[in-house]
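Quick notes on the structure that follows.
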Number of protein chains: 2
Amino acid sequence: MTESVNSDDLNQRANEKAARRKEARDRMMADKTQEKGLIIVHTGKGKGKSTAAFGMVLRCIGHGMKVGVVQFIKGKWDTGERTVLERFPDQIEIKALGEGFTWETQDRARDIAFARAGWEEGKRMIADESFDFVLLDEINIALRYDYLPIDEVLDFLKAKRPGLHVCLTGRNAKEELIAIADLVTEMEMVKHPFRDGVKAQAGVEF
Amino acid sequence: MTESVNSDDLNQRANEKAARRKEARDRMMADKTQEKGLIIVHTGKGKGKSTAAFGMVLRCIGHGMKVGVVQFIKGKWDTGERTVLERFPDQIEIKALGEGFTWETQDRARDIAFARAGWEEGKRMIADESFDFVLLDEINIALRYDYLPIDEVLDFLKAKRPGLHVCLTGRNAKEELIAIADLVTEMEMVKHPFRDGVKAQAGVEF
């Protein structure tokens, strides 16, 4: 430790401040007693939307919960998370639909059919009482291009079982979806290595 | 399908637009050829900073990479992700340090000692060539309170092996850290269910 002779004073003041902070936080948390299934949205242009969703899937699996995943877009990239999650076949069901439709495909009619097929899988999982958490990965892209009618999705989500968590990811989340969601995080890109010529890499990007 | 009689036209226009978009993207990606270990920062007040980091850990495990994790703050919460990740003992080493120091503890001298112990573990992992990815979870809190000297951390990160990824999480990331990072995402809170009296729940929060 290279602290000055005043470190006892400094520690004393810091500890008093921490005590006040803890008191305020305990007060804030005291009325947080409700449990309910959440509608969770990850949006924004930054990285981490799907990654954080799969981080929640990982936690759910660790807690013995059952998880359903529909991947609306995935393209040709192999995904490391699937390799691990598929080792828990009793706790997870993953449906990967088609190829990435925003960048790689140029067939709108086919994209609409894929989006519809994905949503039908999602509806089945949401209705199936064995699931605790359903991830609709990149569904926001399908909603943004009106490949799926937003009203149909909202109506179905609003009628879900109270205990079920549903997470919807993808940039450009519709305002109507944000309005009915419980937990919304926007991932903002501050700095991205693509700008410097670095390609997508295992572990980080896929 | 309930589309109008003009859907052929609509699809045609959409497909042409998609073709132009794909062309622009292919051009953009053509010069992204470099592979390098990244310094990744997840910051901001929103959720998903650690969750997305653990999502990357999950991917790395799936790709056969070896991962080191130092949890600078964790408090008393059991974490679902550990339950799953500890099933891959050859690929992951997790060091959890102390109790949550920002909210729960009120002993600055002890917090500094814990932060130092965590950083020593992190340095060991960063120097150990068997690791491909090192996560310093919530280290930004320790840096923010000057429990660790920022210059020491920056100097060590700048000298890391070129192939190693290091991810640093926590709100209030220091500007100096952002300056040397390759990939920085800010998680912004748009909506949070604590506001409505909902408590932290398994799978979502821990």
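Just so you know, all these numbers are worked out from the coordinates, no wet-lab data involved. This is a predicted model, so every value here is computed, not measured. For neighbour counting, all protein chains shown are included, and Cβ atoms are generated from backbone atoms with ideal geometry for every residue, glycine included.
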Relative contact order [Cα under 8 Å, 6+ residues apart], segment A:37-189, whole percent: 43 percent
Distances in nm from residue A:109 to the matching label points in the other copies, shortest first (labels 7 Å along Cα to Cβ): 7.7
Other-copy label distances relative to residue A:146, 7 angstrom Cα-Cβ extension, nm: 5.7
Shortest-first distances to equivalent copies, position residue A:27, nm, label 7 Å out along Cβ: 5.9
Environment charge at residue A:187 (Cβ cut-off 12 Å; Lys +1, Arg +1, Asp -1, Glu -1): +2
Residue among A:169, A:150, A:112 farthest towards the positive dipole end of segment A:37-189, charges placed on Cβ: A:169
Shielding by partners - mean other protein chain Cβ count within 10 Å, residues of B:176-186: 5
Summed residue charge, Cβ within 11 Å of residue A:169's Cβ, Lys/Arg positive, Asp/Glu negative: 0
Relative counts (whole %) of C-alpha pair distances in segment A:37-189, using bins that are 5 Å wide: 2, 9, 21, 24, 23, 15, 6, 1, 0
Net charge, residue A:56 excluded, C-beta distance under 12 Å - Lys, Arg +1, Asp, Glu -1: -2
Segment B:104-206: C-alpha pair distances exceeding 24 Å, %: 34 percent
Nearest-20 debye value, segment A:37-189 charge dipole, Cβ charges on Lys, Arg, Asp, Glu: 200 debye
